[in-house]
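Engineer: For reference, the structure I am asking about is given below.
The values are calculated or read from the model by the stated rules, or taken from the named source; none is laboratory data. Bear in mind the structure is a predicted one, so any value in this text is a computation, not a measurement. Neighbour counts are summed over all protein chains in view; Cβ atoms, including those assigned to glycine, are modelled from backbone coordinates with ideal geometry. With ligands, DNA and RNA removed, areas are computed over all heavy atoms of the protein, side chains included. Shrake-Rupley method; radii C 1.70, N 1.55, O 1.52, S 1.80 Å.
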Amino acid sequence: MAEAVIEIRKLTKSFGDLHVLRGVDLDLFKGENLVVLGKSGTGKSVLIKIIVGLLTQDEGTLKVFGKEVSTLSNKELLDLRLKIGFSFQNSALYDSMSVRDNLDFPLIRNVKSLSKAQRDKKIEMVLESVGLSQAINQMPSELSGGQRKRIGIARTLILEPEIMLYDEPTAGLDPITCKDINDLINQVRDEYRTSSIVITHDLTCAKDTGDRVAVLLDGQFGAVGTFEEVFKEASEERIQAFYDYNFITK
Amino acid sequence: MAKIKVEEKDHLISKKVDKFFLDLANVFRFIKRFFVEVFVPPYEFQEVLRQCYQIGVKSLPLLSLTGFIVGIVFTNQSRPSLSEFGAESWLPALIAIAIVRAMGPLVTALIAAGKVGSSIGAEIASMKVSEQIDAMEVSATNPFKFLVVTRVLAATFMIPILVMYVDFVALMGAFVNVNQNESVSLIAFFVQVFDSLTFLDVTSSIVKSLIFGFTIGIVGCYKGYHSSKGTEGVGKAANAAVVAAMFLIFIEELLSLQIVNFIRGV
Ligand SMILES: Nc1ncnc2c1ncn2[C@@H]1O[C@H](COP(=O)(O)OP(=O)(O)OP(=O)(O)O)[C@@H](O)[C@H]1O
Ligand SMILES: [Mg+2]
């Protein structure tokens, strides 16, 4: 297999008495899309927040590009975060700024070499890739949930990260927009050779985008493999239930 | 038995006292971080200007009205006591001293605490709740610098300017009342005003206003930045920002009175 860009070993995280992650082992390889499935509240968002250093694990190791995240200095953490794109579950757009300024915000602060015209060009390009060129001058409050989600993804893509972390990119979207987003996730992988973790409840999304699928059960990964491996041979009842409820057939 | 003892020992003095001192430590850490980050580049000049506009210009209508009314009312209420001694002619001097030394800064700071402090607290808290602060952090920008440093600087610079403006408006209000009752001209009124004021009056008022501004900014930002999650946290942060800022402003007023009296040698 290719080299691992993220290596997680025996990672645990609790909030008080709530043991969310209980010994997570996971690798993300270069250029793959890894889909993480799991019931609501199993700690999927917590896991990727630990990867970018928004939260710190209690025990275990988490290496990104070979470096343990929890021991990085501030400067190193900033450098690392430049290489990681994080698209939030609730989009987290800056609601005092227009769409253009939202996209300009990371660009103007991190890529100092670009002129105003170059930045504008780049903003137009990413907006086009998420299919929202017309929204450039709107405020986040004027956008629909799905549009916000796509702008949120555009804002992380604009820095051309090497790792993308998508937190439920298709939640609450219609099937056609879902397909557009899935295509976008694949297109990002193919064009920039980005490695991505895609958190989702949506098995269509998992099937379309996932090179590998991992299912989080009780704070550990219950099954990891290709979509077929995980679901066709699912011995674990709860994994099977996931499949059945999504496609209703059996 | 043994287990109960362990549970009792999870605080030092009592839970509430512990929490108070922990909060205090956090506040000092927050202030220290401000003074470190304010000097470290990159600087967010544009955002500081935008905040100055928000804080300064947006508070003008309310402050104009309040300042003017305070000037009129205070003059009107002071007249009887002075006229008992036949000393109405001292009215401009008395008003000037009262307004510049105490009322101008206090009225401005309290109104700004209500208007500016609450909006800073609510805005930052809602950014925290909706993960916008996390979003800044993961896009490798420093949210403290962009949100906190800019707002505290803007409040610190704008409050003294607003105080001078309120002083002026209040004195105009006072003039309107004096002019009606004692028919003193505008020039004569302001000559008397400036004669009565000392250098110490003006400088101490400015220094005090700088501190008030800093207090309003830092308290609003702290309460917002440390708000609890959820929409309830937003309201609480706004409320706590106003209450804490007002309380601190009165304490600072009292302290500055002592210090200025000491300098004046009273
Ligand atoms: N900052 C925090 N403080 C305390 N508890 C937290 C915090 N963040 C998450 N939790 C708890 O951790 C658990 C896992 O949360 P998380 O957001 O990771 O779930 P999730 O798997 O992403 O669920 P969903 O699919 O609904 O988004 C939840 O029970 C939540 O209450
Ligand atoms: Mg989640």
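Engineer: Consider B:Asn142 against the criteria (1) surrounded by fewer than 19 Cβ atoms within 10 Å (Cβ to Cβ); (2) away from every other protein chain (no Cβ under 14 Å); (3) more than 19 Å from the chain's Cα centre (by Cα): it satisfies all of them except one. Which criterion is unmet?
Structural biologist: Among (1) surrounded by fewer than 19 Cβ atoms within 10 Å (Cβ to Cβ); (2) away from every other protein chain (no Cβ under 14 Å); (3) more than 19 Å from the chain's Cα centre (by Cα), the lone unmet condition for B:Asn142 is (2).
Engineer: Given the structure, is B:Glu88 touching a Leu at 6+ places or on another chain (Cβ under 6 Å) and open to solvent by 30 Å² or more (accessible area, probe 1.4 Å)?
Structural biologist: yes
Engineer: Report the residue count in the stretch A:78-97 for those that are out of contact with any Pro (no Cβ under 7 Å at 6 or more places or on another chain) and open to solvent by less than 20 Å² (accessible area, probe 1.4 Å).
Structural biologist: Residues meeting the conditions: 7.
Engineer: Let me ask another. Only one residue in B:Gly213, B:Gly220, B:Gly233 is surrounded by 16 or more Cβ atoms within 10 Å (Cβ to Cβ), within 16 Å of ligand 1 (Cβ to nearest atom) and in a helix (DSSP H, G or I), so which one is that?
Structural biologist: Testing whether each residue is surrounded by 16 or more Cβ atoms within 10 Å (Cβ to Cβ), within 16 Å of ligand 1 (Cβ to nearest atom) and in a helix (DSSP H, G or I) leaves just B:Gly233.
Engineer: Going residue by residue through the stretch A:142-151, is there one that turns out to be assigned to a helix (DSSP H, G or I), out of contact with any Ser or Thr (no Cβ under 6 Å at 6 or more places or on another chain) and either over 22 Å from B:Val138 (Cα atoms) or in the same structural domain as A:Ile199 (by TED's automatic domain parsing) (or both)?
Structural biologist: Yes; the residues of the stretch A:142-151 include at least one that is assigned to a helix (DSSP H, G or I), out of contact with any Ser or Thr (no Cβ under 6 Å at 6 or more places or on another chain) and either over 22 Å from B:Val138 (Cα atoms) or in the same structural domain as A:Ile199 (by TED's automatic domain parsing) (or both).
Engineer: Filter the stretch A:146-181 for residues that are in contact with a Leu (Cβ under 8 Å, 6 or more places away or on another chain) and within 16 Å of ligand 1 (Cβ to nearest atom) and give the result.
Structural biologist: Matches in the stretch A:146-181: A:Lys149, A:Gly152.
Engineer: May I ask you to list the residues in the stretch B:178-195 that are part of a loop (DSSP other than H, G, I, E, B) and farther than 19 Å from B:Val73 by Cα?
Structural biologist: B:Ser185
Engineer: Which condition breaks for A:Ile123 when tested against (1) within 14 Å of chain B (Cβ to nearest Cβ); (2) open to solvent by less than 70 Å² (accessible area, probe 1.4 Å); (3) in contact with an Asp or Glu (Cβ under 7 Å, 6 or more places away or on another chain)?
Structural biologist: Among (1) within 14 Å of chain B (Cβ to nearest Cβ); (2) open to solvent by less than 70 Å² (accessible area, probe 1.4 Å); (3) in contact with an Asp or Glu (Cβ under 7 Å, 6 or more places away or on another chain), the lone unmet condition for A:Ile123 is (1).
Engineer: Taking A:Lys63 as the residue in question, decide whether it is within 16 Å of ligand 2 (Cβ to nearest atom), open to solvent by 50 Å² or more (accessible area, probe 1.4 Å) and either within 14 Å of chain B (Cβ to nearest Cβ) or of a type outside the set (A, V, I, L, M) (or both).
Structural biologist: For A:Lys63, the condition - within 16 Å of ligand 2 (Cβ to nearest atom), open to solvent by 50 Å² or more (accessible area, probe 1.4 Å) and either within 14 Å of chain B (Cβ to nearest Cβ) or of a type outside the set (A, V, I, L, M) (or both) - is not met.
Engineer: Then there is this: If you scan the stretch A:193-225, which residues turn out to be polar (S, T, N, Q) and more than 15 Å from the chain's Cα centre (by Cα)?
Structural biologist: A:Thr204, A:Gln220
Engineer: Let me spell it out: the conditions are (1) out of contact with any Asp or Glu (no Cβ under 9 Å at 6 or more places or on another chain); (2) free of Cβ contacts under 8 Å to residues at least 12 places away in the same chain, and A:Leu93 meets all of them except one. Which number is the exception?
Structural biologist: (2)
Engineer: Considering only residues of the stretch A:66-90 that are more than 17 Å from A:Glu160 (Cα to Cα) and among the polar types (S, T, N, Q), which is farthest from the other protein chains (Cβ to nearest Cβ)?
Structural biologist: Filtering first and then ranking leaves A:Thr71.
Engineer: What tally of residues in the stretch A:71-90 results from selecting those that are in a helix (DSSP H, G or I) and in contact (Cβ under 8 Å) with a residue 40 or more places away in the chain?
Structural biologist: Number satisfying all stated conditions: 2.
Engineer: For the subset of the stretch A:98-112 comprising residues that are more than 7 Å from chain B (Cβ to nearest Cβ) and without any contact (Cβ under 8 Å) to a residue 40 or more places away in the chain, which member is surrounded by the fewest Cβ atoms within 10 Å (Cβ to Cβ)?
Structural biologist: A:Lys112
Engineer: Give the number of residues within the stretch B:37-54 that are within 22 Å of the chain's Cα centre (by Cα), within 12 Å of chain A (Cβ to nearest Cβ) and either among the aliphatic types (A, V, I, L, M) or open to solvent by 40 Å² or more (accessible area, probe 1.4 Å) (or both).
Structural biologist: The number of residues fulfilling the criteria is 2.
Engineer: Sticking with this structure for a sec: Regarding A:Pro140, is this residue over 15 Å from the mean Cα position of the chain (by Cα) and either farther than 20 Å from A:Asn110 by Cβ or modelled with pLDDT under 95 (or both)?
Structural biologist: When the stated conditions are applied, A:Pro140 passes them.
Engineer: Please work out which one of (1) more than 11 Å from chain B (Cβ to nearest Cβ); (2) among the small types (Gly, Ala, Ser); (3) buried (at least 16 other Cβ atoms within 10 Å of the Cβ) is the condition A:Ser45 fails and give its number.
Structural biologist: So A:Ser45 meets the others, but not (1).
Engineer: Can you find, within the stretch B:154-194, the residue that is modelled with the highest pLDDT among those that are open to solvent by 10 Å² or more (accessible area, probe 1.4 Å) and in contact with an Asp or Glu (Cβ under 9 Å, 6 or more places away or on another chain)?
Structural biologist: So the residue we want is B:Asn181.
Engineer: A further question on this structure: Go over the candidates A:Ile239, A:Ile197, A:Ile163 one by one and state the one that is surrounded by 15 or more Cβ atoms within 10 Å (Cβ to Cβ), within 14 Å of another protein chain (Cβ to nearest Cβ) and more than 16 Å from ligand 2 (Cβ to nearest atom).
Structural biologist: A:Ile163
Engineer: Only residues that are within 14 Å of ligand 2 (Cβ to nearest atom) and basic (Lys, Arg): list them for the stretch A:14-52, please.
Structural biologist: Scanning the stretch A:14-52 gives A:Lys39, A:Lys44, A:Lys49.
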